[in-house]
Amino acid sequence: MKKIYLIILPLAFVGIISLFFVLNLNYENEDILIVSDIPDFKMTDLSGNIIDRSVFTDNEYKLINVWATWCINCKLEHGFLMYLKQENFKIIGLNYKDNIEKANKWLVQFGNPYKKNIFDQKGELGFELGVAGAPETYLVNKQNKILYKHIGIMNEDIWNQKFLPLINE
């Protein structure tokens, strides 16, 4: 009888964890329409160079994409971000609570869709932006105001339904 419990308990535990993981993969909060300034910051990028708020002063629409190597959903949205890069849409990456070496290797392996990549190891800028986790994507307008926040995987449907209408207003 003890042998059965030794088999059933670990299987039940793995099953519960797997169920939580699968449900969490598809979890997306409501998106948020906001108008706020990009907070002042001074950090480094993934190359170790100083980067600050001036990265946003180019008078064009852009995205801030919160990502990390530990984020499974970030891998799922990465192909679409590469597509946006090919379409010449500017994306600023916010590498969130990650390891700089792993992040750089990840970008070499999967491609780099980001014009710039802010390294936010402690989540300080993420906190200022209101990041709940990764992935999250923010739309920034020509006046460098954050207009919209999408929580979850970015894909073509989300882009066409949520982001493009705001860009084309």
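The values are calculated or read from the model by the stated rules, or taken from the named source; none is laboratory data. This structure is a prediction, so every number in the text was calculated from the model and none was measured. Using ideal geometry, Cβ is built from the backbone for each residue, glycine included, and neighbour counts are taken over all protein chains shown.
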Checklist (1) without any contact (Cβ under 8 Å) to a residue 24 or more places away in the chain; (2) closer than 14 Å to Ile118 by Cα; (3) outside any helix (DSSP H, G or I) applied to Asn88, failing item:
(2)
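Residue-wise test of (1) hydrophobic (A, V, I, L, M, F, W, C); (2) modelled with pLDDT under 95; (3) buried (at least 21 other Cβ atoms within 10 Å of the Cβ); (4) within 23 Å of Ile167 (Cβ to Cβ).
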site: Ser36; (1), (2), (3), (4): no, yes, no, yes
site: Ile51; (1), (2), (3), (4): yes, no, no, no
site: Lys75; (1), (2), (3), (4): no, no, no, no
site: Leu84; (1), (2), (3), (4): yes, no, no, yes
site: Gly93; (1), (2), (3), (4): no, no, yes, yes
site: Phe110; (1), (2), (3), (4): yes, no, no, no
site: Lys116; (1), (2), (3), (4): no, no, no, yes
Among (1) charged (D, E, K, R); (2) under 16 Å from Lys62 (Cα atoms); (3) loosely packed, with under 15 Cβ neighbours inside 10 Å - the single one Asp157 does not satisfy:
(2)
